[in-house]
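The values are calculated or read from the model by the stated rules, or taken from the named source; none is laboratory data. Being a predicted model, the structure only gives us computed values, none of them experimental. Methodologically, a virtual Cβ is constructed for each residue, glycine included, from the backbone with ideal geometry; neighbour enumeration extends over all protein chains shown.
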Amino acid sequence: MPKLLNEDQVTAYRERGYHFPIEALSAGEVAGFRRKLEDYEAASGGPIKAEMRHRSHVLFTWIDEMIRHPKILDAIEDLLGPDILCWNTSFFIKEAHDPGFVSWHQDATYWGLSSSDVATAWIAMSPANKVSGCMKFIAGTHRQQVKHEDTFDQNNLLTRGQEIAVEVDEAKAVYVELKPGQASLHHVLLFHGSEPNRSDDRRIGLAIRYIPTHLQQAVGARDWATLVRGKDNYGHFLPSYVPRRDLEPEALVFHKEVSEEQVRVLYRGTGKSAYRA
């Protein structure tokens, strides 16, 4: 029996490749998490940048708390089963009236994982709607991997500015409008993207990438993940650092090592050696 989603919602996810919304965080929780993010940004002199946007759960205790949130994990368990790893986290932030966008793409394209049995929980930390540049999905496009082309467009929030190299029917786009604290769930092969933020507020989203424990890194020499529920009887991933305090020295050293390895996987064949700023 499902823990959070009902059987019809699980079936719809399998057929469409997504489900939304789920009530993930309370108003107080999401406001507190946003405040912690923006306190860090104020202290560091500007918006969170480059490699700090990725695998942030090994750096900040409050993001480690988010990846373990029971409501989120209940929904993920309904889709992936009881043994769950958090493989990655990524911030997708569009400043107010910013030209940043996300082209139509499939997440799995450059990740190097051994299977497409991957689900993303995308947590809205500010209003995500058509004006602010919420995500948009194309239902049923999660059946197979398609070819992508790299653009490295400076306004594209993706690592390589990658975009799907087949025609996408925009008329079929489903806009994923979420209130702060709500989340969407999508399959790693689902066609999705988003438009620029035309609102007066930042559009802040945290994407949490969950995998079952049987997956492996098929391209990189090493990879890491955090066991967030159940048991890991496979040991395919090295255990990620779990922070006890925000930005502690040990976490920063670990994060640098992991980021360098991930960049080698994500940017393979491009000559790039660091995340874009």
Counting only residues in region 113-139 that are touching a Leu at 6+ places or on another chain (Cβ under 9 Å), over 12 Å from Ile211 (Cβ atoms) and of a type outside the set (A, V, I, L, M, F, W, C), the one surrounded by the most Cβ atoms within 10 Å (Cβ to Cβ) is identified as Pro127
Considering only region 78-132, give the strands (runs of 3 or more DSSP E) lying wholly within it that have at least 2 residues that are among the hydroxyl-bearing types (Ser, Thr, Tyr), out of contact with any Asp or Glu (no Cβ under 7 Å at 6 or more places or on another chain) and at pLDDT below 95. none
For the subset of region 133-155 comprising residues that are part of a strand (DSSP E or B) and of a type outside the set (A, V, I, L, M, F, W, C), which member is nearest to Gln182 (Cα to Cα)? Lys136
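Being under 30 Å from Ser273 (Cα atoms), surrounded by 19 or more Cβ atoms within 10 Å (Cβ to Cβ), in contact (Cβ under 8 Å) with a residue 60 or more places away in the chain and not charged (D, E, K, R) is the requirement here; does Asn197 meet it?
It is true that Asn197 is under 30 Å from Ser273 (Cα atoms), surrounded by 19 or more Cβ atoms within 10 Å (Cβ to Cβ), in contact (Cβ under 8 Å) with a residue 60 or more places away in the chain and not charged (D, E, K, R).
Could you grab me the full set of residues in region 14-45 that are outside any helix (DSSP H, G or I), touching a Phe, Trp or Tyr at 6+ places or on another chain (Cβ under 6 Å) and not hydroxyl-bearing (Ser, Thr, Tyr)? Reasoning before the result, please.
As a first pass, look at region 14-45 and keep what is outside any helix (DSSP H, G or I): 17-26, 45.
Now restrict to residues that are touching a Phe, Trp or Tyr at 6+ places or on another chain (Cβ under 6 Å): 18-19.
The answer is His19, and nothing else.
Let's see how each residue does on (1) of a type outside the set (A, V, I, L, M, F, W, C); (2) in contact with a Ser or Thr (Cβ under 9 Å, 6 or more places away or on another chain):
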| position | (1), (2) |
| --- | --- |
| Asn197 | yes, yes |
| Gln216 | yes, yes |
| Trp224 | no, yes |
| Arg229 | yes, no |
| Leu238 | no, no |
| Tyr241 | yes, yes |
| Ser259 | yes, no |
| Lys272 | yes, yes |
| Tyr275 | yes, yes |
Considering residues that are surrounded by 14 or more Cβ atoms within 10 Å (Cβ to Cβ), over 17 Å from Pro82 (Cβ atoms) and not aliphatic (A, V, I, L, M), the number found within region 1-12 is 1
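One line per residue, one yes/no per condition, for (1) in contact (Cβ under 8 Å) with a residue 60 or more places away in the chain; (2) in contact with a Leu (Cβ under 7 Å, 6 or more places away or on another chain); (3) among the hydrophobic types (A, V, I, L, M, F, W, C); (4) buried (at least 19 other Cβ atoms within 10 Å of the Cβ):
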position	(1), (2), (3), (4)
Glu149	no, no, no, no
Lys172	no, no, no, no
Val176	yes, no, yes, yes
His192	yes, no, no, yes
Going by what's in this entry, would Ile48 be described as within 20 Å of the chain's Cα centre (by Cα) and assigned to a helix (DSSP H, G or I)? no
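Is it true that Gln182 is farther than 30 Å from Glu29 by Cβ and in contact (Cβ under 8 Å) with a residue 12 or more places away in the chain? Quick ask: steps written out before the conclusion?
Values: farther than 30 Å from Glu29 by Cβ: no; in contact (Cβ under 8 Å) with a residue 12 or more places away in the chain: yes.
Spelling it out, it is not the case that Gln182 is farther than 30 Å from Glu29 by Cβ and in contact (Cβ under 8 Å) with a residue 12 or more places away in the chain.
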Is there a residue in region 54-66 that is surrounded by 16 or more Cβ atoms within 10 Å (Cβ to Cβ), over 26 Å from Tyr234 (Cβ atoms) and of a type in the set (D, E, K, R)? no
Working carefully through the options Lys3, Lys36, find the one that is within 25 Å of Phe254 (Cβ to Cβ) and in contact with a helix residue (DSSP H, G or I) (Cβ under 9 Å, 6 or more places away or on another chain). Lys36
Within region 240-263, count every residue that is over 19 Å from Ile48 (Cβ atoms), surrounded by 12 or more Cβ atoms within 10 Å (Cβ to Cβ) and over 19 Å from the mean Cα position of the chain (by Cα). 2
